[in-house]
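Visitor: A single structure is presented below for examination.
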Amino acid sequence: MMKRLWSAVLGLLLLSSSPLWAKTMFITDRIEVGVRSGIGIEQKFVATVKTGDRVEVLEGDQNWTKVRLPNGVVGWVSTRFLVDQVKVSQAADPKSLEELKSLKEINQNLVRQQENHKQEQEKLLKEIEEGKKAVNILQQERHQRLAPEQEQLKAQIQQLEKQAAEDKRQIAHWQQKEKYGNYNGLILWFLAGSGVLFLGLLLGWLANRGRKKTSRYY
């Protein structure tokens, strides 16, 4: 009798020493919790559970707990996210669900707007590239159209420069010639004046000599 009693007490102690095993628990007040393939945050996710989801505890300690989800998936979650019962704040609040739904719609609208902006930007970039190509084509056509005229104008400019150089040379030649011509005129005038003066002196000397001879005979 005593042996059976001690066996029953020992069994109760063993059951009380592992309170997490074979218990039904709930996810604490978080939006989503990752269920991993093993112990540690480096393990990959096998599922996710939300606030208030029911899980079956299989084993674990104060850090990690092995659970089975209602769909049969088995994985590990952090023990601190498990509670014995769903609190009022953890229950599915219709208002919170409505707010969450509204936030999701806003997020979807933002994603669509971002996609629209991206498409508009791509369209604008495409139009810019097409505009650049059109400008390049116009520039090439203009260059091809104006190239003969530019060559002709260049030849005319070269001809004018050549003519201007020749005119400059001619002007310098005539200026030099005119300079020497002025000197020659001055020399001629000087020689003419000297000749007249010399002739006058000669005539005066001859006249004076003739007078002296006449006076000698008388």
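We did not get these values from a lab; they are worked out from the coordinates using the rules stated. From a predicted model like this one, the values you see are computed outputs, not experimental measurements. Every residue, glycine among them, receives a Cβ derived from its backbone with ideal geometry; neighbour counts consider all protein chains shown.
Visitor: Any idea how far apart Gln158 and Arg145 come out in nm if each label point goes 7 Å out from Cα toward Cβ?
Guide: In this crude spin-label approximation the distance works out to 2.6 nm.
Visitor: Using the structure shown, list the pairs from Lys132/Lys154; Lys44/Lys104; Lys44/Lys66 with a Cα-Cα distance above 19 Å, or answer none.
Guide: Beyond 19 Å: Lys132/Lys154; Lys44/Lys104.
Visitor: Give me, ordered by chain and number, the residues 5 or more places off Val46 or on other chains with an amide H under 5 Å from its own placed amide H.
Guide: Val35, Arg36, Ser37
Visitor: So, one more: At 7 Å along Cα-to-Cβ for each site, give me the label-to-label distance between Glu105 and Glu122 in nm.
Guide: In this crude spin-label approximation the distance works out to 2.9 nm.
Visitor: Any idea how far apart Asn136 and Val74 come out in nm if each label point goes 7 Å out from Cα toward Cβ?
Guide: According to this spin-label approximation, the distance is 6.5 nm.
Visitor: Another question, if that's okay. Using the number of other C-beta atoms within 10 angstrom as an exposure proxy, rank Ile39, Ile137 with the fewest first.
Guide: The order, fewest Cβ neighbours first, is Ile137, Ile39.
Visitor: Which residues' amide hydrogens lie under 5 Å from the amide hydrogen of Glu59, considering only partners 5 or more residues apart or on another chain, with H built in the peptide plane?
Guide: For Glu59, whose amide H was placed from the backbone, the distant partners under 5 Å are Lys66.
Visitor: How do Trp76, Trp189 rank when sorted from fewest to most other Cβ atoms within 10 Å of their own Cβ?
Guide: Listing Trp76, Trp189 from fewest to most nearby Cβ atoms yields Trp189, Trp76.
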